[in-house]
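Read through the structure below, which is laid out as structure tokens, and then see the notes.
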Amino acid sequence: MTVLVERFPRWVESVELLPASARFTALRQAAEGVGGTLEPAAALDLVAYAVGRDGGFIFEALCAAVSVYDPSFAASPSDLEPHLVASAALARALENDNLTASIVAAAILSAEFAGLYAPVAELPQLARAAQARRFGSLRERVSMPRLELESLFKNMPSFAANGWRASEAVDRLANATKLLAEQLDGILGGLAQRFEARSDAADEELDVLWWAFAAQGSASTAPDPHDGLLRAGLELADRHRFKAEIPTAREILRRVLGARGEEEYVLADAIAAAAGRVELDPSPAGPLFPILTSNAAWVALAGENDWVAAAARLGVDPTIRRPGYEIAAQTMRELLLVRASG
């Protein structure tokens with residue numbers, strides 16, 4: 001059972017659709033199909049449209065998906081129905097344990113930081129739950145899979161049987177041996193990947209803990225009250241082995257930044273304080289990357305007064321106020337998002 005079976009009826013109450021109606025079924029099936037097959041390359045555009053940005057090809061894809069089940073469906077990009085389908089598709093995508101789910105979760109939380117929300121208010125909650133599941137799945141115990149030998153023994157020749165022929169017996173033995181080798185190759189290959197992932201996960205935790213231990217307090221004693229916010233986010237992002245935010249990142253950054261992390265700052269001031277001292281990754285410009293977009297605008301205009309207006313033209317508001325640890329966490333999140341979708 002997917003999340004849509006349980007929650008979709010409640011999500012579409014705002015458009016007054018009955019669960020038994022053909023339109024309701026078409027919207028839900030479209031969301032199921034789009035979310036279940038969503039690729040990383042389209043994830044950011046789907047999140048952007050869900051939180052109110054321009055739809056472009058994503059809007060057209062959503063309409064086409066609904067039209068498969070309801071040929072009479074027609075909508076404009078600003079209508080609520082396609083935004084609900086986009087939001088529901090994101091909720092469905094978050095149920096997968098893959099790179100797409102990690103990108104969707106980070107993008108939804110980036111939108112939340114920027115003050116952008118989809119019609120489905122639960123998406124940030126579902127995004128954090130998806131990150132926690134991903135974190136846990138990478139650290140699960142590696143159990144030994146069962147080797148199915150019954151079919152192999154059925155194919156083994158009986159050399160003591162009456163009338164057996166050597167050529168047929170050799171062929172059956174070769175086929176049985178090949179089947180066993182293929183099973184072993186698949187099992188050992190899968191085990192190697194899982195052991196490697198779990199080893200990387202353990203190394204990631206050690207790297208993060210050692211960094212937090214060494215960095216704790218240093219950011220809180222920096223001369224500039226804004227200094228250290230973006231740097232802490234960059235350093236924590238660099239210690240991630242996987243392209244998914246660890247669920248405790250915000251709490252770790254709160255401890256690292258100390259009392260300074262609890263204070264609120266204007267984003268533009270934090271960007272200006274880090275300019276020239278913290279080198280951040282380039283990223284696509286837009287509202288899902290408020291830190292990196294603002295930083296790129298500051299760098300491009302060398303900190304002149306109109307850099308804030310330049311960022312605003314790209315859909316980012318550098319005048320928003322956020323706690324210091326949230327700015328640090330968002331820096332980390334955007335860097336991981338760029339590296340995951342690049």
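The values are calculated or read from the model by the stated rules, or taken from the named source; none is laboratory data. Bear in mind the structure is a predicted one, so any value in this text is a computation, not a measurement. Here the Cβ positions follow ideal geometry from the backbone for every residue, glycine too, while neighbour counts run over all protein chains shown.
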Exercise. Which helices (runs of 4 or more DSSP H) does the stretch 257-310 wholly contain that include 3 or more residues that are within 17 Å of ALA328 (Cα to Cα) and within 24 Å of the chain's Cα centre (by Cα)?
Worked result: 290-300
Seminar exercise, completed: Sole miss for ALA300 among (1) within 25 Å of ASP238 (Cα to Cα); (2) in contact (Cβ under 8 Å) with a residue 12 or more places away in the chain is condition (2)
Problem set entry | Where ASN98 falls short, out of the listed (1) farther than 20 Å from MET332 by Cβ; (2) within 13 Å of the chain's Cα centre (by Cα); (3) modelled with pLDDT of 95 or more | (3)
Seminar exercise, completed: Within the stretch 19-72, of all residues that are assigned to a loop (DSSP other than H, G, I, E, B) and crowded, with 21+ Cβ neighbours inside 10 Å, the one modelled with the lowest pLDDT is GLY55
Seminar exercise, completed: Checked pairs for the stretch 75-96, first assigned by TED's automatic domain parsing to the domain that holds ALA41, second of a type in the set (Lys, Arg), C-beta under 8 Å and 6 or more apart or across chains, list as ALA88/ARG28; ALA91/ARG7
For this session: Could you tell me whether VAL47 is over 23 Å from GLU112 (Cβ atoms) and in contact with a Leu (Cβ under 7 Å, 6 or more places away or on another chain)?
Result: no
Exercise. How many residues are outside any helix (DSSP H, G or I) and surrounded by fewer than 22 Cβ atoms within 10 Å (Cβ to Cβ) when one looks only at the stretch 73-113?
Worked result: 11
